Each structure stands twice: as structure tokens, then as C-alpha cells.
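The values are calculated or read from the model by the stated rules, or taken from the named source; none is laboratory data. All values derive from a computational prediction rather than experimental measurement. Here the Cβ positions follow ideal geometry from the backbone for every residue, glycine too, while neighbour counts run over all protein chains shown. Accessible surface is based on the protein model in full, side chains and every heavy atom, while ligands, DNA and RNA are left aside. Shrake-Rupley method; radii C 1.70, N 1.55, O 1.52, S 1.80 Å.
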Amino acid sequence: MEKKKTVVLGVTGGIAAYKTASLASMLVKNGYDVQVLMTQNATNFINPIVFETLTKHKCLIDTFDRNFEFSVEHVALAKLADVVMIAPATANVIGKLAHGIADDMLTTTVMACRTCPKIIAPAMNTEMYFNPVVQDNLKILEGYGYEVIRPAEGYLACGDVGAGKMPEPETLFAYIFKAIACEKDMVGKKVLVTAGPTREAIDPVRFITNHSSGKMGYAIARVCAARGAEVTLVSGPTSLPEPVAVKTVHVTTAREMFQAVAELAPEADIICKAAAVADYRPKHVSQEKVKKSDGNLALEMEKTQDILKYLGEHRRPGQFLCGFSMETENLTGNSRAKLEKKNLDMIVANSLKTEGAGFQGDTNQVTLITRNEEIPLPLLSKEETANLILNKVLEMSAQ
């Protein structure tokens, strides 16, 4: 973020309010300025001092609180907001906002936020959530431009099981990130990203794979979505949650990834192929578990389809193709050879031997290699690395 963004968090009277404290902490740690508004009922579930301690700002409850540092006017905070999120949002507050009722600090402030994104995270009993009145009110808010987050399913505080749980703080953070973290300079672009490893079966129990976590590809997908692109992510098996506002296609094998990518590629303006796809797979897959014996085991291997080579051979005019290269030696030479052989516009190269780079971690240190340039980047988070990769992609695409 070029400047510190202000997030206004609205907290209403639901048991899920305790999760919002974790969200506030997460936002502060990531450089956001956080202002919290609470309804009077919310204070029965969590003390305002919790939010004041986390955000270093007074938690506002009373519309006519004269201790507000900016102004007694409720519009003062609305003018500061880059995004508003109400989490949890009760049926009561959803109904008020849908019908223009502003009778406390939270509703009057949100009503005054006309230009910034507004996000609602409903949290309530399943029967309440599916009540036609609540569903109609949510549709009304969507019609007014609010983004409504679908609640999670599971065991609820009332003992029921079903939809109505507020999503975890990490998910709520992802919605805020998408809304305000980046300039929307990729609106209208269709982006295809691949991520994660593949698994090639030996038998019903065992498979061959690699150490890829998928974090780099997922970061690229998240940042593309935050910059306004229409993103499809083809992901091998990972433990990562699906990125917000990204269509995710799950695959397991190299063959499945090839089929998915070949089908989706013709529509993409930009393809970032960050997946670590197996180069070889067992030629014969046993239908039964291979039993251990006293001797050694030999596997006959066959080559998998070269997805990147296929994309280079079948790319349409104007399509930008970015590959990734993980090397243990001769980083630049091996990566540049791959760039030329597979007809790429750019390749993102990193060394497994560089501290802070490689598989599993949250940071990366890469070199962007084009036909005319080599641009080494410093050690950065994978989101920061993704942003710089995309900056170069857009620069080259414009040329």
C-alpha cells in the first residue's frame, strides 16, 4: 500500500464478535489504520477496551460522544474510511441498513459512507439467516452496492448445525485486502494462474510429488483479483484456502492440470504458470497396494505432458505467458534456456539454495528474466513479489 488505508470495522451484538478482535489485530499488523464502531448490544459480548488496546483508537458507540478526536459529527469517520466491514452483522442491523434506519453510531456512520466499499458478514442462527425477510434485506443491500459474504457452515453457538457462522478472520481479511490493497489496474484482464504440486500415483496408497506449497501461485491469484482482474486458479493439492473472488479449479495429476489449462488458456490474456508439475510419472499404476519385499523396487517412469511448452506453441496473439523456474545451479542460464525453448515472454527464476526463497516459506527472492532484461528482486513477502511480477507483466503487455 502506498499510503496507510483506514478500515472501519462495525461490530454488532453477536457471539462471533470475539473473532473481530483477531481481525482488528491482523489488520493493524498489516499496516492498516483501524477504527471500530460498536452497537450497544455488541458490548455485551466483547468489551470495547479490547478494540481500543488493539487499534490504539477510541472505540465508538454513542453517536453524540464528544470525546471523538475528529469531530462530534458522525460523518467525520465516514470521510476517513477506505472500506467498511460489519462483522458480525446481525439480522437487526442488516434490516436497518437495508431500509435506511440510522439510530446509532454504527448505522449513521455506515449510511454516510457513500463512496467506499462496504462489506457485510452476516452471522446468526441458521433459521434466522434463511428467513425470507433476512434474505430479501441482503439482496437489497447487494443492490445498493454492499458486498455480502456468505456465512460458513458448522456448529453454531445455539447448538444448531448449518449456515450462519461468521467466517474466520483470515477470510474476512482477504475481502478487505481485495477491496483496497491495490490499485484496480487489471480490470478487464482475464488471468490464468497455476499453483501447487501434482501427485502421480504409484498405487492406491503411494504417490510421487514435490515440496511445493502453492503459496507463490496463490499470492499471484490473490493480487490479480485485488487489482481487478478476472482470475482462474488451477491448483494442485495444497492446504491453502481458496482465494477470495478467484475461480479455483482443483486437480491432482499432471494430466488433469494439462487438461484444465488447455481448456482455459484460449480465453486468458495473461497466464502465470507457477505450479510445480511433475516431469515424470509411473508408467504403470498398480491397482493394489505394492507389498514390501526383501528386494529393491524399480519404477518405470514416463514423461508427462509439458504444459508450458504446449502453451508457448498454442498461444494466441497478444497473450502474455509467464513461466517459473526453480533451480539449484546455473539459475540464469537454465532459466533463460527455458524462456527461449518454450516461447515465453518472461520467466520468474529462483534458487532453492537462496535463504528465504524456495518451497514452503512466506518470502521469496526471484529474478525476472525477459528476452532483453534480468531484474533481480530483493527478499520480499510472496504478495510483494507477486505485485512486482505483475507490474512487469503489465509494463511489457502495454509495450
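When peptides 40-51, 200-211 are ranked by their average number of other Cβ atoms within 10 Å per residue, the highest-first order is 40-51, 200-211.
When the accessible area of the chain is split by element with a 1.4 Å probe, what percent falls to carbon and sulfur? The C+S portion of the solvent-accessible surface of the chain is 50 percent.
Here segment 104-246 is treated as an ellipsoid with the same Cα gyration tensor; its semi-axes, largest first and in whole Å, are 34, 23, 12. The residue among F359, Q305, N30 whose Cα reaches farthest toward the positive pole of the charge dipole of the chain, with charges on the beta-carbon of Lys, Arg, Asp and Glu, is Q305.
In summary, the convex hull built on the alpha carbon positions of segment 281-381 has an orientation-averaged projected area of 10.1 nm². Here N372 and E256 are evaluated by their C-beta separation; at R0 = 35 Å the FRET efficiency comes out at 0.50.
Each residue of segment 192-198 was assigned a 3J(HN,Hα) from its phi angle through the Karplus curve 6.51 cos²θ - 1.76 cosθ + 1.60 (θ = phi - 60°); the sequence is 10, 10, 10, 8, x, x, 10 Hz, with glycine and proline shown as x. Here the peptides 379-387, 4-12 are ranked by packing, the mean other Cβ count within 10 Å, and the order with the highest first is 4-12, 379-387. Ranked from largest, the principal axis spans of the Cα set of the chain equal 75, 52, 37 Å. Converting phi to 3J(HN,Hα) with the Karplus coefficients 6.51, -1.76 and 1.60 and the offset θ = phi - 60°, segment 295-302 yields x, 7, 10, 10, 10, 7, 10, 10 Hz in sequence order, with x at every glycine or proline. Each Cα pair under 8 Å and six or more residues apart adds its sequence gap; the mean of these over the residue count of the chain is a relative contact order of 10 percent. The C-alpha atoms of the chain define a longest principal axis, and helix 132-143 lies at about 70 degrees to it. Using modelled backbone amide H atoms (1.01 Å from N, in-plane), which distant-in-sequence or interchain residues come within less than 5 Å of A163's amide H? Here G154 satisfy the definition.
Output the antiparallel fraction of DSSP beta bridges having both residues in the chain, as a percent to the nearest 5. Bridges in the chain are about 30 percent antiparallel. Once the 1.4 Å probe is applied to the protein heavy atoms, the chain comes out at 49 Å² accessible per residue.
Here the scattering of segment 190-266 is modelled by Debye summation over its C-alpha atoms, one equal scatterer each and no solvent; at q = 0.15, 0.21, 0.22, 0.27 Å⁻¹ the log10 of I(q)/I(0) is -0.49, -0.88, -0.95, -1.27. Packing, as the average of other Cβ atoms within 10 Å across residues, places the peptides 121-133, 219-231 in the order 219-231, 121-133, highest first. Expressed as a fraction of 2.2 N^0.38 Å, the value expected for a compact globular protein of N residues, the C-alpha radius of gyration of segment 205-354 is 1.16. Seen against the Cα atoms of the chain and their longest principal axis, helix 254-264 is set at about 60 degrees. The gain in end-to-end length when the V290 to N131 segment is fully stretched comes to 51.9 nm, 0.36 nm per residue minus the alpha carbon separation. Taking 7 Å steps out from each Cα toward its Cβ at D362 and I140 produces label points 4.1 nm apart.
So what's the back-of-envelope 222 nm ellipticity for the chain, counting only DSSP H runs of four-plus at -39500 (n - 2.57) apiece and dividing by all residues, rounded to 500? Helix contribution divided over all residues of the chain: -9500 deg cm²/dmol. Here the label points at D103 and R206, each 7 Å from Cα along the C-beta direction, are separated by 6.9 nm in the simple model. The angle between the Cα long axis of helix 382-398 and the longest principal axis of the Cα atoms of the chain comes to about 70 degrees, rounded to the nearest 10. When the pairs K118/K382; K184/K382; K190/K341; K79/K165; K19/K58 are compared against a 22 Å limit on Cα-Cα distance, K118/K382; K190/K341; K79/K165 fall above it.
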